[in-house]
Amino acid sequence: MINEEEVRYIADLASLKLSKKEVEMFSKQLSDIVDYVEKLDELDTKDIVPTAYTIPVKNVFREDKVKGSLSLEKVLKNAPEKQADQFRVPKIIEED
Amino acid sequence: MKLYKCSLTELKNMIEEKRVKLQDIHESISYRTTSTDPKIKAYVNKNEAYNIDELDQKDYKDTYLKGLPIAIKDNISIEDINTTCSSKMLEEYIPPYNATVVEKIKEAGGIITGKTNMDEYAMGSSTENSAFFPTVNPWGKNRVPGGSSGGSAAAVAAGMVPVSLGSDTGGSIRQPASFCGVVGLKPTYGAVSRYGLVAFASSLDQIGPLARNVEDIALMMNVITGRDEKDSTCVNREYPDFTEYLKNDVTDMKIGIPDQYFDIEFDQEVRESVLNAVEKLKKAGAKIERVSLTGAEYALAAYYIIATAEASSNLARYDGVRYGLRAAGADNLEKMFTETRQQGFGEEVKRRIMLGTYVLSSGYYDDFYLKAQKVRTLIKNDFDQLFADYDLILSPTTPTTAFKIGEKRDPLKMYAADIFTVPVNIAGIPAISVPCGFDQKGLPIGLQLMGAHFKEEKLIQAAFSLEKILNLDIKYPALK
Amino acid sequence: MDDKYETIIGLEVHAQLDTESKIFCSCSTEFGSEPNTNTCPVCLGLPGTLPVLNKKAVDYLIITGLALNCEIASYSKFDRKNYFYPDLPKAYQISQFDLPLAKNGYIKVETEEGIHRIGITRIHLEEDAGKLIHEGSIDQSSGSLVDYNRTGVPLAEIVSEPDIRTPEQAREYLNYLKKTLEYLKVSDCNMEEGSLRCDANISLRLHGNKKFGTKVELKNMNSFKAIEKALAYEQKRQRKMLENDKKIVQETRTWDESKSKTISMRGKEEANDYRYFPEPDLVPLEIDERWKKDIEDRLPELPAVKRKRFIDEYNLPEYDADVITDSRDLADFFEDSVSEYKDAKVVSNWIMGEFLRLINEEKMAIEDTKITGQLLAKMLKMIDQDVISSKIAKTVFEEIFYTGKDPEEIVKEKGLKQISDQDELESLVEKIIDENPSVIEDIKNGKDKAVGYLVGQVMKETKGKANPQMVNKMFKEKIK
């Protein structure tokens, strides 16, 4: 069961603003999904090594060489707000 | 014969033999799209950047694709063309670079006709999650085309383009291919570069082709596979010429039928159609045996942990700072972040971000994510063991044929549509969906063949044979 | 300094690794470029882009680990650390969580209280974030500007064990670390440019207590001096609180240089739930013995070893050895000179005197000077052979320093050769005797020191070129 307080905590971690209705809905739906995925407990995985990579590849590198960067025009083309060739963001107030 | 109805291979041959002008092909395709797409809504954005009149003057003589048309799912980056992922978040975003597959297609002389509709950020199985509009299945106007590559499947099925590219994280190529009566292949993880594919779940995503026949799939695989120095997970190896495997021969091919998959409750007509195909393969000389495999429901459970966890991280970058939507009026950073993400993402995307964030959050990692990664090991080992003895494993692609638009509201029910396709992504193996019949409503049924890592050629050979054996008369869907 | 409480300090150092290109893309790492000019789709975190690891960054981390007596991991991987901030384009930092490249090292530092061993918990590789410039102060700012040039510069995070007991030890630890990284030439350790940054954890406990007290994290110290001062301040503050039975709050405090105090950042810190998970876009690292050995072979002599050798081998006083081994370039310069001019103390005097004076005056890096050890040795031999006087040698030295010219050539060009011709000097000496009868009188009356004045007059006349020993002798003989 994922209660509404937990939903709000998760939303906070995910930087998502949720309406009260969404909080209620996600509390129910996420609980249902989590109930479903708990099916995995039926499998014995005690001595199993987790798989993060399905391909047997290791040590992929690039050389330490500088190649051209993007033109400033292209860097900033999609910027919602820019100033002095930089991306502008609203003030960072850190609330208690 | 109308040119738009021709396959990519047929068009390629005609061009090579100078039986047709490139211009005529594109005109036919364009005409078909103009008349059909308003009903299907497969495209989010048609590429207006190329001029059909100028095509013949360009020299595609020595290229592999000869200037022929290809549609691309809207989560694959093309320089200077909007890449929206069918999300409000990226509606205005214009990438300054090309995905590696786009580079490869351009080098091969392919012409990109446009970007196809999809479930937002590839999250969904119906293309109803597009923030712009749902795409309609050409086989029934109240039916979904499947998803998330619904636009790519529908465009091919409706004859708007001979081939397209989709992406497949849990079935997003194969399931819409099945629903739309076309062929779709999800390559081995690492066979095709992901550079430029907007990430949903990085350890599962693969780009792959959709076409109206297996031959075209082989052709496209020749173009898109191969090492890319921009993608560390793209494997450095030699790929065969896949068209060499277009042989009508399944003699002595060993194909496993997993009991656990057929024990699942699913549509009877789908079951009969798939089993009928199995009988025909047997008659053609294939050795078919029942095998045992970890239940697909476990793969589905692991999938919804791994995919959402990775997605929650991959989709965190949409914060309104550098590109894409920014919520208007937010007077501080925190508000700007949370409101941008509230306004930019649709409900399904939010749900998955929430789930993914939850399973990774402090105290839950071991219970969910780690556990899912361990189950992933079990599933992968299972497949590996089977493939030591079997060439292929066969199952339905989907439990049902195309469902009605608006029919599935409950997320868990929607997720269950991926039950047969998801294990493939979890194990990183390749799989192909080929049409194997129709239900009584006239909706296409798909059959899935799964292969060992980097054994796409076997999939192509068996699928090509099956196509010949079944010899389905796939008419162009009526749409009227 | 205090018997009741023991101070426990741990340090977290971030050192920028001095590679040409960034850790995951080919953008330049150059400091001071125009904002956002060293950025590309990868380091801007544009949708669809992927990281590819810079091998040199891994090599640099391994050599650092070896120099700090760490175990090098045979298997390592990268993880994502998820948090939102405008300077972090992907909203996750690619870092290393449970499998750092190096761990379990130590260094030994010397303070007045003796030699102290400080453990190094781990060293891991990660990417740097961008830079935020606030309009006005952070509290009153109406907005901030983001420059992503620094995003993706490779960082080594070096975490110490809580083995440090005094602020002095902390300073010595940092000095040692800085010197080592400079010797390895893996980081320029420039705190002003932010290429070396340090956070500290500090707590107090009663002597004999096994349990650690509540720790406070200190940030924003911009020099080693600031770190020492902040730790001393915090030590005092916490002691006072404990003595008054007040509870220490676990928090982050920032060092305010202007007020010389630490200030609580409470409420400005989010709960740290970083949701680490393995970075699926990068493949694991396997460091075999051969790779390790290759790097081991490249390990230079480290400062402490070199210092001891300089004392033993060259009979240098400890002070000289300290100064000269402070930088690898300086030590190399010294050894180059000594290989051709055997009196090490004379070489040391010139290096500590004239050479460092010019370096400091010009604010130059040693590697940018034109002088070589061979040239210095040659000049010193010219002094010994009375070709030039020690005084003139200073002029010659400066000339070599700026131009890198051969001292012989300089002496020839500028006519700086010492006058040692008996006849020429005698006539000069006689001239001075004639001009200074009263001084001669004084000397005859026993004021021997006045000879020096006369020698000075000859030197002045010859612009320093006269051989002072010869002149001195002549005066003494003639005035008897």
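Structure data summary
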| quantity | calculated |
| --- | --- |
| Among the candidates C:GLU12, C:GLU34, residue that is at the interface with chain A (Cβ under 10 Å from one of its Cβ atoms) and either surrounded by fewer than 24 Cβ atoms within 10 Å (Cβ to Cβ) or charged (D, E, K, R) (or both) | C:GLU34 |
| Residue that is most open to solvent (accessible area, probe 1.4 Å) [pool: residues in the stretch B:75-117 that are at positive phi and touching a Pro at 6+ places or on another chain (Cβ under 9 Å)] | B:ASP80 |
| Set C:ILE432, C:ILE388: member being open to solvent by less than 70 Å² (accessible area, probe 1.4 Å), of a type outside the set (D, E, K, R), at pLDDT below 90 and not in a helix (DSSP H, G or I) | C:ILE388 |
| B:THR63 being buried (at least 21 other Cβ atoms within 10 Å of the Cβ) and either part of a loop (DSSP other than H, G, I, E, B) or touching a Gly at 6+ places or on another chain (Cβ under 6 Å) (or both) | no |
| Residues (over 17 Å from C:GLN374 (Cα atoms), small (Gly, Ala, Ser) and either outside the structural domain of C:THR395 (by TED's automatic domain parsing) or open to solvent by 20 Å² or more (accessible area, probe 1.4 Å) (or both)) located in the stretch C:308-353 | C:SER327, C:GLY353 |
| Index of the failed condition, B:GLY190 passing every other in (1) farther than 26 Å from B:PRO396 by Cα; (2) within 12 Å of another protein chain (Cβ to nearest Cβ); (3) of a type in the set (Gly, Ala, Ser) | (1) |
| Residue, nearest to C:PHE397 (Cα to Cα), within the stretch C:414-423, restricted to residues that are out of contact with any helix residue (DSSP H, G or I) (no Cβ under 8 Å at 6 or more places or on another chain) and exposed (fewer than 12 other Cβ atoms within 10 Å of the Cβ) | C:GLY415 |
| Test result for C:SER76, more than 7 Å from every other protein chain (Cβ to nearest Cβ), of a type in the set (Ser, Thr, Tyr), out of contact with any His (no Cβ under 8 Å at 6 or more places or on another chain) and over 26 Å from C:ASP281 (Cα atoms) | no |
| The stretch A:39-91, residues that are buried (at least 19 other Cβ atoms within 10 Å of the Cβ), part of a loop (DSSP other than H, G, I, E, B) and more than 8 Å from chain B (Cβ to nearest Cβ) | A:ASP64, A:SER69 |
| Test set (1) away from chain C (no Cβ under 14 Å); (2) open to solvent by less than 10 Å² (accessible area, probe 1.4 Å); (3) closer than 26 Å to B:ALA49 by Cβ - B:ASP168 fails condition number | (3) |
| Filter result for B:TYR318 (out of contact with any Cys (no Cβ under 9 Å at 6 or more places or on another chain), within 11 Å of another protein chain (Cβ to nearest Cβ) and at pLDDT 95 or above) | yes |
| Selection count where residues are touching a residue at least 40 places away in the same chain (Cβ under 8 Å) and either of a type in the set (Ser, Thr, Tyr) or open to solvent by 20 Å² or more (accessible area, probe 1.4 Å) (or both), scope the stretch C:78-87 | 4 |
| Selection within the stretch A:2-18 - at the interface with chain B (Cβ under 8 Å from one of its Cβ atoms) and assigned to a loop (DSSP other than H, G, I, E, B) | A:ILE2, A:ALA14, A:SER15, A:LEU16, A:LYS17, A:LEU18 |
| Every residue from the stretch B:131-165 that is in a loop (DSSP other than H, G, I, E, B), open to solvent by 10 Å² or more (accessible area, probe 1.4 Å), out of contact with any helix residue (DSSP H, G or I) (no Cβ under 6 Å at 6 or more places or on another chain) and under 13 Å from B:ILE405 (Cβ atoms) | B:PHE133, B:PRO134, B:TRP139, B:GLY140, B:LYS141, B:ASN142 |
| Complete set of residues in the stretch B:261-280 that are under 22 Å from B:VAL424 (Cα atoms) and either open to solvent by less than 80 Å² (accessible area, probe 1.4 Å) or touching a helix residue (DSSP H, G or I) at 6+ places or on another chain (Cβ under 7 Å) (or both) | B:TYR261, B:PHE262, B:ILE264, B:PHE266, B:ASP267, B:VAL270, B:ARG271, B:SER273, B:VAL274, B:LEU275, B:ALA277, B:VAL278 |
| Matching residues, the stretch B:342-368, being crowded, with 24+ Cβ neighbours inside 10 Å and within 11 Å of chain C (Cβ to nearest Cβ) | B:GLY356, B:THR357, B:TYR358, B:VAL359, B:LEU360, B:PHE368 |
| Output for the stretch A:1-43, where each listed residue is more than 25 Å from B:TYR298 (Cα to Cα) and either in contact (Cβ under 8 Å) with a residue 60 or more places away in the chain or hydroxyl-bearing (Ser, Thr, Tyr) (or both) | A:TYR9, A:SER15, A:SER19 |
| Yes/no for B:GLY442 being open to solvent by 10 Å² or more (accessible area, probe 1.4 Å) and at positive phi | yes |
| Top-ranked residue of the stretch A:19-32 - restricted to ones that are closer than 20 Å to B:LEU315 by Cα and within 7 Å of another protein chain (Cβ to nearest Cβ), ranked as surrounded by the most Cβ atoms within 10 Å (Cβ to Cβ) | A:PHE26 |
| Test result for B:GLU297, within 14 Å of chain C (Cβ to nearest Cβ), touching a residue at least 60 places away in the same chain (Cβ under 8 Å) and under 27 Å from A:LYS39 (Cα atoms) | no |
| Output for the stretch C:88-98, where each listed residue is on the phi < 0 side of the Ramachandran plot and surrounded by 19 or more Cβ atoms within 10 Å (Cβ to Cβ) | C:LEU88, C:PRO89, C:LYS90, C:TYR92, C:GLN93, C:ILE94, C:SER95, C:GLN96 |
| Residue check for C:SER187: within 14 Å of another protein chain (Cβ to nearest Cβ) and open to solvent by less than 10 Å² (accessible area, probe 1.4 Å) | no |
| Of the criteria (1) open to solvent by 40 Å² or more (accessible area, probe 1.4 Å); (2) in the same structural domain as C:GLU182 (by TED's automatic domain parsing); (3) modelled with pLDDT of 95 or more, which one C:VAL249 fails | (3) |
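Results for (1) within 14 Å of chain A (Cβ to nearest Cβ); (2) free of Cβ contacts under 8 Å to residues at least 60 places away in the same chain; (3) open to solvent by 10 Å² or more (accessible area, probe 1.4 Å), shown as yes or no for each residue.
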{"position": "B:TYR390", "(1), (2), (3)": "no, no, yes"}
{"position": "B:ILE393", "(1), (2), (3)": "no, no, no"}
{"position": "B:ILE405", "(1), (2), (3)": "no, no, yes"}
{"position": "B:ASP410", "(1), (2), (3)": "yes, yes, yes"}
{"position": "B:THR421", "(1), (2), (3)": "no, no, no"}
{"position": "B:ILE426", "(1), (2), (3)": "yes, no, no"}
{"position": "B:ILE432", "(1), (2), (3)": "no, no, no"}
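Here's the yes/no breakdown for (1) open to solvent by 20 Å² or more (accessible area, probe 1.4 Å); (2) more than 9 Å from chain A (Cβ to nearest Cβ):
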| residue | (1), (2) |
| --- | --- |
| C:ILE107 | no, yes |
| C:GLU112 | yes, yes |
| C:ARG117 | yes, yes |
| C:ARG122 | yes, yes |
| C:LEU125 | no, yes |
| C:ASP128 | no, yes |
| C:ILE133 | yes, no |
| C:SER142 | yes, no |
| C:TYR148 | no, no |
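The values are calculated or read from the model by the stated rules, or taken from the named source; none is laboratory data. Every value quoted in this text rests on a predicted model; they were computed, and no experiment measured them. Here Cβ is always computed from backbone atoms with ideal geometry, including for glycine, and neighbour counts include all displayed protein chains. Each accessible area value is taken on the protein alone, full model and side chains, heavy atoms only, with ligands, DNA and RNA left out. Shrake-Rupley method; radii C 1.70, N 1.55, O 1.52, S 1.80 Å.
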